[in-house]
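To keep things clear, I will list the structure first and then write my remarks on it.
The values are calculated or read from the model by the stated rules, or taken from the named source; none is laboratory data. These numbers come from a predicted model, not from an experiment. Virtual Cβ from ideal backbone geometry, glycine too; neighbours counted across all protein chains shown.
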Amino acid sequence: MYVKVKGLVIRENPSGEADKFLTVLTQEFGRISIYAGGTRSLKNKYIACAQILAFSEFTIHKTDRFTRMTEASLIESFYSVRLDYEKFLLAAYIAQTAYVISTESPDEDGLLTLVLNALFAIAYLEKPLWQIKAAYELRLMCVSGFCPSLGHCGLCGGEVSGEVLLDILGGSLVCRDCEDFSTEVPFLSAKIPADVLAALRFVAFATDEKWLSFRITDDAADTFANVCERYILAHTEQKFDTLSLLKEQNLFK
Ligand SMILES: [Zn+2]
């Protein structure tokens, strides 16, 4: 069966002398592995489509055992991201985290849209990279079913105000009273000032177009970024080598 499908390359692996296996994130099929013959040759006309972070329309030949690329047409290469080491590392981290979250079933939760929005933001928006990273991490948790419950206290159901505790593994808030008197101390938690909670709520509940449209003070930014990173690491239980590279380079404050 021949199919046309739009997809973003989130991983590439060399195969044989001149070929690649691409891992492509699509709406219709979720994550698929596509054999892209000849695409390691510099003379191949699909070389630009067969690289990580390329968003293309692929024509694929699908059988029960094997999916092979027969044609491809580039939609967006995110070229400017490739020219900047810091941007490229962040984009690679986004691709790696998306790989971990994605499944081989149709993408009904907007994972591809989220990843493309994040890459477009890195390439074309004047947003601080730390802000894109942190907000993406939280949104990714939301599209994968791990969104923290940010309304009321998860223990007593009461309103929260001022500084609260976020139970990172449980994905819920703990109000001041419960923090003082409860014996159920969260295993992993973070203190969340009110302005950080407001930013978390904004990102978690915003539409696909608006989730990066928030401002945050420098003081709150550090806590926000730290909480989002700890949250994704706790829920994916993964070590991301791209994140280690970002840290090694000290590219983020
Ligand atoms: Zn409570």
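Overview of results
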| quantity | calculated |
| --- | --- |
| In region 227-253, the residues that are basic (K, R) and farther than 22 Å from S149 by Cα | K239, K247, K253 |
| Close pairs (6 angstrom Cβ cut-off, 6 or more residues apart or separate chains): within 12 Å of P193 (Cβ to Cβ) in region 160-179, at pLDDT below 90 and within 11 Å of the ligand (Cβ to nearest atom) anywhere | L165/E179 |
| The lone exception for V174 - which of (1) in the same structural domain as P128 (by TED's automatic domain parsing); (2) among the β-branched types (V, I, T); (3) out of contact with any helix residue (DSSP H, G or I) (no Cβ under 9 Å at 6 or more places or on another chain) it fails | (1) |
| Residue count for region 202-226, restricted to those that are within 15 Å of the chain's Cα centre (by Cα) and either among the hydroxyl-bearing types (S, T, Y) or under 19 Å from S149 (Cβ atoms) (or both) | 3 |
| Criterion (of a type outside the set (S, T, N, Q), surrounded by 15 or more Cβ atoms within 10 Å (Cβ to Cβ), touching a strand residue (DSSP E or B) at 6+ places or on another chain (Cβ under 6 Å) and over 23 Å from A92 (Cα atoms)) met by exactly one of I52, I60, I32, I10 | I60 |
| Residue among C142, C147, C153 that is in contact (Cβ under 8 Å) with a residue 12 or more places away in the chain, within 16 Å of the ligand (Cβ to nearest atom) and either of a type in the set (A, V, I, L, M, F, W, C) or farther than 23 Å from A190 by Cβ (or both) | C153 |
| Residue in region 88-103 that is under 21 Å from the mean Cα position of the chain (by Cα) and more than 23 Å from E229 (Cα to Cα) present | no |
